[in-house]
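S.K.: One structure is given below, represented as structure tokens, and several questions about it will come after.
Throughout, read-outs are computed from the coordinates displayed, never taken from laboratory work. Keep in mind that this is a model prediction, so the values were computed, not measured. A quick note on method: Cβ atoms are made from the backbone with ideal geometry, for glycine too, and the neighbour counts reach across all protein chains shown.
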Amino acid sequence: MRPNFFHHLHPPTIPAQQSRWRYTLGAGGTAIFLVLVLGITGALEMFYYVPTPDEAALSVQTLTYHVALGGLVRGVHYWAAQLLLVVATVHLVRVVMTGAYAPPRRFNHLLGLILFVALILLDFTGYVLRWDQGVQWALVVGTNLIKSIPGVGETLYRVTVGGARPGPATLTRFYAWHIFGLGLVAIFFMGWHIFKVRRNGGIAVPPPTLRPDPARITRYELVRREVLAMLITGVVLLVLAAFVPAPIAVPIADVTAPSADARAPWFFLWVQHMLGWGDPFVWGVAVPLIVLIVLAAIPYVLARPAEAELGRWFPRSGRIAQGMLGAIALGVVVLTVLGWLSGE
């Protein structure tokens, strides 16, 4: 078979053992597919969305209820964004738990973290664009966390929301950030991240002399598996969009007065729960930043995983990194559950 453009995006062959789904979990390829879905559905939504405070929520309702297949398109966009955060988290966990951050992949680990943060902010800004009562925590409390940063907080806050308080300029700023600022940043770092994966030799594996299984699969088999994964993911998105509609609420009446039951988006529930413990800068800014710094430092501070143990889950030489990530993940999950149960 003569390779086409899509085949040429892949190496001629890759190790068979490390190409199995139970090792990669298909997270990297699925994330790229979800980004493509978000780009297409987001472009379709732009034909109807009106980024003004008076019309934003109404335009979302019009798209959802009065445009042919509009609700389905919006649902696919919403669920693709949520699944992308889940898949990106799974990919990060897989990298750490398999020691795939070892040199020469240390810098690419940092690129992946930057991309991960960009995806979270993209989801956050897209969440606010609904401009209904369901987003008021993010709009008021979430943006006020910026103001709590010592020294530069007030300036950063004004740059972010377009004034001394959320208003008409805020929606314009968030729309611009979502489409151009963060969107272009995410595309840039995703391209760089993928390029570094190829430049660093693809999947992390032991040297040829230390591999117990020398078998390899061709790029044709790899593409076949990726297409199958994309079809399954697409079906999941369509089912979720059809049976679990994307959230929608009444337009915001007063931007600065969130309701008592205002809640953060699910990926910030752990932060919202911590805010009840005291200083907003400490719990809402410093702690999440420390978590990122710890994750970024893993390849540079901890000992390099043994080459013979690469390409498999939970190498013994990476126990400290695995324990650190496990503790962080457990803490975030517990705080998220507590935040959800407490109805904050």
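S.K.: Which three lengths, in whole Å and largest first, does segment 275-344 cover when its Cα atoms are put on their principal axes?
M.R.: Extents along the principal axes: 47, 24, 13 Å.
S.K.: Have a look at segment 157-255 and give its Rg and Dmax from the Cα atoms, expressed in angstrom.
M.R.: 22.4, 67
S.K.: Defining a contact as two alpha carbons under 8 Å apart and six or more residues distant in sequence, what relative contact order in percent does segment 39-97 show?
M.R.: Computed value for segment 39-97: 28 percent relative contact order.
S.K.: Divide, for segment 204-297, the radius of gyration over alpha carbons by 2.2 N^0.38 Å, where N is the residue count.
M.R.: After normalising by residue count via 2.2 N^0.38 Å, the value is 1.87.
S.K.: So for each of 170-182, 115-127, 154-166 I average, over its residues, the number of other beta carbons within 10 Å; can you give me the resulting order with the highest mean first?
M.R.: Final packing ranking: 115-127, 170-182, 154-166.
S.K.: Follow-up question, since we're still on this one. Okay, helix-only estimate at 222 nm for the chain: each DSSP H run of n ≥ 4 adds -39500 (n - 2.57), divide by all residues, round to 500 deg cm²/dmol; what do you get?
M.R.: Rounded to the nearest 500, it is -19000 deg cm²/dmol.
S.K.: So, one more: To two decimal places, what compactness ratio does the chain give when its Cα radius of gyration is scaled by 2.2 N^0.38 Å?
M.R.: 1.06
S.K.: Relative contact order for segment 5-342: what percent, with Cα pairs under 8 Å and sequence separation of 6 or more?
M.R.: 30 percent
S.K.: What percent of all Cα-Cα pairs in segment 274-313 falls in each 5 Å bin, counting up from 0?
M.R.: Binned Cα distances yield the sequence 5, 20, 16, 14, 13, 10, 8, 8, 5, 1.
S.K.: From Cα coordinates alone, what are the radius of gyration and Dmax values for segment 166-216 in angstrom?
M.R.: 20.5, 63
S.K.: Want the number for V294 to V67: 0.36 nm per residue separation, take away the alpha-carbon distance, what's left?
M.R.: 77.1 nm
S.K.: Based on the alpha carbons, how large is the Rg to Rh ratio for segment 71-218 when Rh follows Kirkwood?
M.R.: Ratio of gyration radius to Kirkwood radius for segment 71-218: 1.09.
S.K.: Determine the distance separating the Cα centre of segment 103-150 from the Cα centre of segment 281-310; give it in Å without decimals.
M.R.: Cα centres, segment 103-150 to segment 281-310: 19 Å.
S.K.: Spin-label point model (7 Å from Cα, Cβ direction): what's the A16 to F195 distance in nm?
M.R.: Roughly 3.5 nm, to one decimal.
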